[in-house]
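Working notes, beginning with the structure itself.
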Amino acid sequence: MAGSVVAAFSGGILLSACGKSNNTVGGATTGASGATGASGATSPGPMEDTLNFYHWAQYDDPKIFKKFTDQYGPATKIDVYASNEEMIAKLVAAGGTSGYDIVVPTGVYIPQMVENGLLEELDLSRIPNFKNLETAYTNQSWDPGNKHSVCKDWGSTGWIVDKTVVSTPINTWNDFIAAAQGPASGNTSVLDAPTDLTGIYFWANGIDWTTEDPAQLDACEKFTVNDLAPHVKAFDSYPGIALTQGNYGLSQAWNGDARQGLLATKQPDRYAWGLGAPLTELWMDNWTIVKNPPHPNAAYGWINFILDPTISLQDLEFHGYNTGITGVKEAAQAASFPFLEMVFFDDAQVATFRAGAVNSANQRLVDIWNKAKAAAGG
């Protein structure tokens with residue numbers, strides 16, 4: 001989730017079924033050819049017995065995977081990664097033999113993955129529930145026509161803090177930095193992703209975090225490696241629950257992961273969530289199918305399954321990110337899900353979000369990330 005997307009949304013500024021017995025989805029039973037059935041949409045056809053994910057951790061309700069298997073048959077297997085860079089490097093190294101069916105990249109990484117032949121071109125007729133997505137989350141600039149991806153969800157980045165460790169309110173990235181260097185020194189985690197780590201410096205100083213200016217990158221490296229890293233205990237992309245279990249006093253976190261931490265504790269008032277300010281990121285993660293997947297019908301079946309409004313609402317309750325399904329906000333409010341202010345953002349908040357980019361600075365950011373890990377105090 002280190003990158004972002006771009007689209008118009010709510011007047012603000014954004015980042016640019018059936019039965020297990022026949023193992024089909026899409027409202028019609030078909031043969032292996034995936035012929036069009038009574039629903040008018042092409043079914044994936046009979047699904048294979050396995051579906052392999054390369055995925056972010058703790059990112060979908062485990063009960064949904066079980067429900068998918070119970071209804072349609074495929075057993076789901078998941079390997080996890082902590083950053084888009086890690087995921088892409090593994091797929092490239094595998095040379096088409098990874099064995100994965102589905103990966104979940106952040107939007108701005110998709111053109112790079114397509115260029116490297118890592119993703120299948122999608123047949124949207126095999127995903128009839130695609131129609132349930134709001135148009136703000138389709139046809140993004142990094143994947144016109146949704147040729148290779150379908151929105152999973154979107155969110156942003158901020159922090160979660162144990163108020164018994166840091167008593168002063170944290171309202172901005174500069175406050176976060178001061179707390180990390182002060183009362184939470186040696187007890188702070190940052191996201192294990194190059195762009196999010198370096199984003200702390202850029203967002204705090206009002207600098208475009210997609211900058212390619214060598215002077216700005218030099219300044220970011222000096223701050224990150226010399227001034228921040230010595231106070232960092234861990235690079236952790238999933239710190240929410242760990243923090244509320246006492247492992248950290250302060251953590252940079254994605255909004256849904258921080259919400260999971262609050263849901264996991266019996267003392268939520270002890271902790272505080274803060275949305276990054278004055279600027280922060282906006283990202284969209286996406287369902288994609290790996291090039292030449294071993295289980296293509298199951299992959300299409302999964303994507304269609306997860307876009308069902310009822311399934312999507314269940315998943316949102318677990319992971320805490322806006323899934324972009326029409327009516328999901330109203331359904332979550334009607335169900336009285338807790339901490340919805342951490343899931344759905346207003347126009348004023350969205351106006352402070354900034355899209356990421358994959359550009360000539362990315363390798364430099366990876367180098368800064370590696371140097372920061374070497375210099376970390378944890």
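At-a-glance table
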read-out	value
Convex hull per residue volume in Å³, alpha carbons only, for segment 100-256	155 Å³
Under 16 Å from residue 66, Cα to Cα: lysines that are on another chain or at least 8 residues apart	20, 77
Pairwise label distance in nanometres, residue 115 with residue 346, each label 7 Å out on the Cα-Cβ vector	4.0 nm
Contour excess over end-to-end distance, with Cα ends at residue 167 and residue 339 and 0.36 nm allotted per residue	59.8 nm
Hydrodynamic radius by Kirkwood, which averages 1/r over all alpha carbon pairs of segment 317-378, in angstrom	15.3 Å
Inter-label distance, nm, simple model (7 Å from Cα along the C-beta direction), residue 79/residue 125	3.4 nm
Separation in nanometres of the label points that stand 7 Å from Cα toward Cβ, at residue 50 and residue 63	2.9 nm
R0 of 51 Å, Cβ-Cβ distance residue 147-residue 367: FRET efficiency to nearest 0.05	0.95
Whole-number D in µm² s⁻¹ for segment 190-293, Kirkwood Cα-pair radius fed into Stokes-Einstein, 10 °C, 1.306 mPa s	103 µm²/s
Whole-Å semi-axes of the chain's equivalent ellipsoid (Cα gyration tensor)	36, 22, 19
Ratio Rg/Rh, restricted to segment 258-378 and using Cα atoms, in which Rh is the Kirkwood radius	1.03
Where 251, 98 fall by accessible area, highest first, once all protein chains stay in place (1.4 Å)	98, 251
Protein accessible area in the chain, 1.4 Å probe - carbon and sulfur %	51 percent
Average silhouette area of segment 103-146, convex hull of alpha-carbon atoms, in square nanometres	3.4 nm²
Residue-normalised accessible area of segment 239-377, given per residue in Å² at a 1.4 Å probe	35 Å²
Length added when fully stretched, residue 212-residue 292, from 0.36 nm per residue minus Cα-Cα	25.3 nm
Share, in percent, of DSSP beta bridges within the chain that are antiparallel, nearest 5	60 percent
Gain upon complete extension [residue 219, residue 135; 0.36 nm per residue less C-alpha separation]	26.3 nm
Per residue accessible area in Å² of segment 112-165, where ligands, DNA and RNA are left out and the probe is 1.4 Å	39 Å²
At R0 = 25 Å, FRET efficiency that the Cβ-Cβ distance of residue 310 and residue 94 yields, to 0.05	0.10
Enclosed volume per residue, in Å³, of the convex hull spanned by Cα atoms of segment 53-184	176 Å³
Centroid-to-centroid separation of segment 193-265 and segment 72-121 [C-alpha atoms, Å]	24 Å
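The values are calculated or read from the model by the stated rules, or taken from the named source; none is laboratory data. These figures come from a predicted structure and were not determined experimentally. Here the Cβ is made from the backbone with ideal geometry for all residues, glycine too, and neighbour counts use every protein chain on show. Just the protein is used for accessible areas: all its heavy atoms, side chains included, with ligands, DNA and RNA removed. Shrake-Rupley method; radii C 1.70, N 1.55, O 1.52, S 1.80 Å.
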